[in-house]
1. Out of (1) modelled with pLDDT of 95 or more; (2) closer than 26 Å to residue 146 by Cα; (3) surrounded by 15 or more Cβ atoms within 10 Å (Cβ to Cβ), what's the single condition that is false for residue 81?
2. Being touching a residue at least 24 places away in the same chain (Cβ under 8 Å) and touching a strand residue (DSSP E or B) at 6+ places or on another chain (Cβ under 9 Å) is the filter; apply it to region 2-28 and report the residue that is farthest from residue 109 (Cα to Cα).
3. Restricting to region 20-41, what's the tally of residues that are surrounded by 13 or more Cβ atoms within 10 Å (Cβ to Cβ) and in a helix (DSSP H, G or I)?
4. Which residues, counting only those in region 42-60, are surrounded by 11 or more Cβ atoms within 10 Å (Cβ to Cβ), without any contact (Cβ under 8 Å) to a residue 12 or more places away in the chain and more than 16 Å from the chain's Cα centre (by Cα)?
5. For region 103-140, which positions are within 30 Å of residue 34 (Cβ to Cβ) and in a helix (DSSP H, G or I)?
């Protein structure tokens, strides 16, 4: 089940980024649901909210390919050694698969394609993609599972 979640997340993210590149690049943003959802093409050379985008290419490579790759491998090792199951395992699987999908883009292209933005009025998220969504959902699922497990044993 976890392998299906990983493959589905990476596959969906890669397909949607390809679609964004082929259909949105060079065109104006599109707005839906009374501007609650905006879809537009952005190339992000940095990390979350473009942090690090202004670093020299070698610095970006060190942080976003080498360090991120090591961190993702470490998360996998910890999850396997702890024999995680349930919500924490799903959370780690989603977190890692989102991270891996963005990592693949950084290794191959040196950037990540973002295309989604949600909000109301002036309160908006940064521009993100399906992998970023998987990372956030994974973090919440992991936290929920660990909190539930600890409250059950208390």
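1. Exception for residue 81: condition (3).
2. 24
3. Residues flagged as surrounded by 13 or more Cβ atoms within 10 Å (Cβ to Cβ) and in a helix (DSSP H, G or I) within region 20-41 amount to 3.
4. 53, 55, 59
5. Selection gives 130, 131, 132, 133, 134, 135, 136, 137, 138, 139, 140.
The values are calculated or read from the model by the stated rules, or taken from the named source; none is laboratory data. Not measured: the values here are computed from a predicted model. When we count neighbours, we look across all protein chains shown, and the Cβ atoms used for this are built from the backbone with ideal geometry, even at glycine.
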